[in-house]
Amino acid sequence: MQICSLMVVLSSLFFFGCGGDSSDDNKEIPNDIETDFPQIEPLPEPILKITDISDGYYGLLYDAGGNELKINKNQVLLLQDGLINELNSNLNEEQRAMFKELHSNFTDIKLPTDIEKVLFQNVLLDAMISSIKPQLQDKYFPPFRLFRHHTHSLFPISRLTDYQWILDLLSQRSLLSHLILIPPQETDNYIDTCRENDVPIPPDWGSTLWQYRGVATIDFLENDKTEVWAYESSTVQGSCIALPRWDIRPEEGINEISLLGIICQSKTTGKACFWDNLSKETGQRIKGGADLTFKISDIKNGNSLGENCTQCHRGKNVFLIHPETNLDISDDYNINPNVRYQPISTQANWSNPAAHSELGDGACASCHEIGALSGGYCNILRNAANQTMPPQPEDPANWDGATAFYGAHIQQMINDGCPE
Ligand code: HEC
Ligand code: HEC
């Protein structure tokens, strides 16, 4: 017990080895600190746990009895460690090992600062809680969300991109969705900005204004089922596409829309706006079946999304269309802007940089420009060359460069930075 407490304090690297056996451990930790390590700031009494938090408003936290709970900067990492230990005992061995490995990856990359630790451990906790039994999630999520929100004011982060290495690590593990953006200080005026730029505003999800266009026959991201929905405004030229990506696992009783990105593009200005089914308030995915509904104003948008949609959505128009499939709505909708597309976002790294190959500048650019290269976009180019491009009735060019006509241009993309 002594050794475990010591490790918890000295290095969060090791706490996994100590956790999970008994919740009594957590209660004793702070006492040990006070007696053994007087140099560490004494913790106020009574020692609290994240699960003690019951309510929060106007920046203050309260327990179930309505007493204010004061959490200062020094306590945040300890409270996180305590909850990580507690959650470990609710995970199976495989999950524990997975999170432990993720955590050591995090500390292996570089020695994290406190703010980086807090940010990362919040993501870890969010992912851990999402992995425990649903009944238990209801016990942990509400206090954790209040706690997490509180840590944003103690450890303010102005730009997530200052922590790109953490974003990269999370993105490799598909954990970006567990990252909650700091709520913007001023009120969110994204929809107003889109409207001012003549971008059509999408109807709320569940509205009959959305037209069902069928199931996507090609999905580079390989979801269980991907539907295509479209919307056209009667007054603003352009179109919106929504892409519900379903998660279907009958053995586990799961059949739901897990991801639902929405993009709208203006015909006249070429500006495009982005939304994703992440709750603005909690950062959680808003999932559900065919009866799923949510308001556009309640979900994260191009100003607040952690995932950078423009890594992949680039080129002359914002959309990534597989021609001759349901995704190709160009017969009925206007998807080609008069002006080359630009994203609406206050985030510095959201952009549609100059083309890699302008229209006419290379074999693949015979029909459309090839957008600026990025990791995500290169994957799409590779998938396209292997599956969809050039469009039928021709055969796919193949990324291996074997086709005489397209090979040289594909080799040029590889030389310029796409992985082979
Ligand atoms: C890693 C690359 C990648 C990123 C990042 C990405 N997308 Fe996509 N997106 C695609 C691909 C590829 C398609 C085409 C359908 C398919 O094959 O899955 C697509 C299609 C879509 C569509 C349907 C319309 C179209 O362009 O075909 C919407 C809407 C969409 N994405 C929204 C988003 C939003 C919102 C974000 C940011 C939160 C985002 N996407 C980020 C790769 C990406
Ligand atoms: C004969 C015309 C033509 C040629 C040649 C062509 N494309 Fe396309 N490509 C299209 C059309 C049409 C679309 C869909 C609509 C749009 O966005 O313009 C498209 C879409 C794409 C997309 C978006 C999504 C998807 O399904 O792939 C990518 C990426 C792409 N092309 C890459 C390539 C690459 C790489 C090559 C060279 C191997 C290539 N294209 C050659 C006509 C062409």
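Please state which of the following conditions Gly362 fails to meet, knowing it meets all the rest: (1) outside the structural domain of Asp276 (by TED's automatic domain parsing); (2) more than 12 Å from ligand 2 (Cβ to nearest atom).
Condition not satisfied by Gly362: (2).
State the number of residues belonging to the range 386-411 that are of a type outside the set (S, T, N, Q) and within 13 Å of ligand 1 (Cβ to nearest atom).
Count: 1.
Test Cys367 against the stated conditions and say whether it is touching a Leu at 6+ places or on another chain (Cβ under 9 Å) and at pLDDT below 95.
The answer is no for Cys367.
Can you pull out the residues in the range 216-244 that are in a loop (DSSP other than H, G, I, E, B), within 13 Å of Ile321 (Cβ to Cβ) and near ligand 1 (Cβ under 9 Å from one of its atoms)?
Listed by number, the residues that qualify are Ala216, Ile218, Asp219, Phe220.
Please verify whether the range 361-375 includes one or more residues that are within 9 Å of ligand 1 (Cβ to nearest atom), of a type outside the set (D, E, K, R), crowded, with 18+ Cβ neighbours inside 10 Å and within 27 Å of Tyr231 (Cα to Cα).
Checked the range 361-375: no residue is within 9 Å of ligand 1 (Cβ to nearest atom), of a type outside the set (D, E, K, R), crowded, with 18+ Cβ neighbours inside 10 Å and within 27 Å of Tyr231 (Cα to Cα).
Within the range 190-208, is there a residue that is assigned to a strand (DSSP E or B), more than 16 Å from ligand 2 (Cβ to nearest atom) and not polar (S, T, N, Q)? Walk me through it before giving the result.
Let us first name the residues in the range 190-208 that are assigned to a strand (DSSP E or B), namely 205.
Of the ones still in play, those that are also more than 16 Å from ligand 2 (Cβ to nearest atom) are 205.
Next, from what is left, pick out any that are not polar (S, T, N, Q): 205.
Checked against the condition, which is being assigned to a strand (DSSP E or B), more than 16 Å from ligand 2 (Cβ to nearest atom) and not polar (S, T, N, Q), the range 190-208 yields at least one hit.
I'm trying to understand the selection: among the residues of the range 156-172, which are of a type outside the set (Val, Ile, Thr), surrounded by 16 or more Cβ atoms within 10 Å (Cβ to Cβ) and modelled with pLDDT of 90 or more?
Tyr163, Leu167, Leu169, Leu170
Can you give me the number of residues within the range 115-165 that are charged (D, E, K, R) and more than 22 Å from Lys100 (Cβ to Cβ)?
Residues in the range 115-165 being charged (D, E, K, R) and more than 22 Å from Lys100 (Cβ to Cβ): 5 in total.
Which numbered condition in (1) surrounded by 13 or more Cβ atoms within 10 Å (Cβ to Cβ); (2) in contact with a strand residue (DSSP E or B) (Cβ under 9 Å, 6 or more places away or on another chain); (3) farther than 20 Å from Phe274 by Cβ; (4) touching a residue at least 12 places away in the same chain (Cβ under 8 Å) is the only one that Ile248 fails?
The one condition Ile248 does not meet is (1).
Could you check the range 107-150 and list, in sequence order, the residues that are assigned to a helix (DSSP H, G or I), under 23 Å from Asn74 (Cβ atoms) and of a type in the set (D, E, K, R)?
Hits for the range 107-150 are Asp114, Glu116, Lys117, Asp126, Arg145, Arg148.
Where the second residue is assigned to a loop (DSSP other than H, G, I, E, B) and the first is farther than 26 Å from Val339 by Cα and lies in the range 195-210, which pairs have Cβ atoms under 6 Å and are six or more apart or on separate chains?
Short answer, once both residue conditions are applied: Asp204/Lys295; Trp205/Thr293; Gly206/Thr293; Leu209/Pro203.
Among the residues of the range 277-292, is there at least one that is farther than 20 Å from Lys225 by Cα and modelled with pLDDT of 95 or more?
no
Out of all the residues in the range 315-332, which are more than 10 Å from ligand 1 (Cβ to nearest atom) and of a type in the set (D, E, K, R)?
Answer for the range 315-332, where residues must be more than 10 Å from ligand 1 (Cβ to nearest atom) and of a type in the set (D, E, K, R): Lys316, Glu324, Asp331, Asp332.
Would you mention how many residues in the range 360-394 are polar (S, T, N, Q), over 16 Å from Phe319 (Cα atoms) and either free of Cβ contacts under 8 Å to residues at least 12 places away in the same chain or part of a helix (DSSP H, G or I) (or both)?
Total meeting the criteria: 3.
Restricting the search to the range 269-308, which residues are polar (S, T, N, Q) and either within 23 Å of His149 (Cβ to Cβ) or surrounded by 15 or more Cβ atoms within 10 Å (Cβ to Cβ) (or both)?
Thr269, Asn277, Ser279, Thr282, Gln284, Ser297, Asn301, Asn303, Ser304, Asn308
What's the number of the only condition in (1) of a type outside the set (Phe, Trp, Tyr); (2) in a helix (DSSP H, G or I); (3) near ligand 2 (Cβ under 9 Å from one of its atoms) that Ala397 fails to meet?
Of (1) of a type outside the set (Phe, Trp, Tyr); (2) in a helix (DSSP H, G or I); (3) near ligand 2 (Cβ under 9 Å from one of its atoms), only one is false for Ala397: (2).
For the range 256-268, which residues satisfy the criterion of being free of Cβ contacts under 8 Å to residues at least 60 places away in the same chain and in contact with an Asp or Glu (Cβ under 8 Å, 6 or more places away or on another chain)?
Answer for the range 256-268, where residues must be free of Cβ contacts under 8 Å to residues at least 60 places away in the same chain and in contact with an Asp or Glu (Cβ under 8 Å, 6 or more places away or on another chain): Glu256, Ile257, Ser258, Leu259, Leu260, Gly261.
So for the range 65-80 (the condition being out of contact with any Leu (no Cβ under 8 Å at 6 or more places or on another chain), assigned by TED's automatic domain parsing to the domain that holds Ile47, surrounded by 16 or more Cβ atoms within 10 Å (Cβ to Cβ) and of a type outside the set (A, V, I, L, M)), does at least one residue qualify?
no
Looking at the range 309-349, which of the residues that are among the hydroxyl-bearing types (Ser, Thr, Tyr) and open to solvent by 50 Å² or more (accessible area, probe 1.4 Å) is nearest to ligand 2 (Cβ to nearest atom)?
For the range 309-349, the residue satisfying everything is Ser330.
The values are calculated or read from the model by the stated rules, or taken from the named source; none is laboratory data. Everything quoted here is computed from the prediction, not taken from an experiment. Don't worry about glycine lacking a Cβ; one is built from the backbone with ideal geometry, like all the others, and counts go over all protein chains shown. Accessible surface is based on the protein model in full, side chains and every heavy atom, while ligands, DNA and RNA are left aside. Shrake-Rupley method; radii C 1.70, N 1.55, O 1.52, S 1.80 Å.
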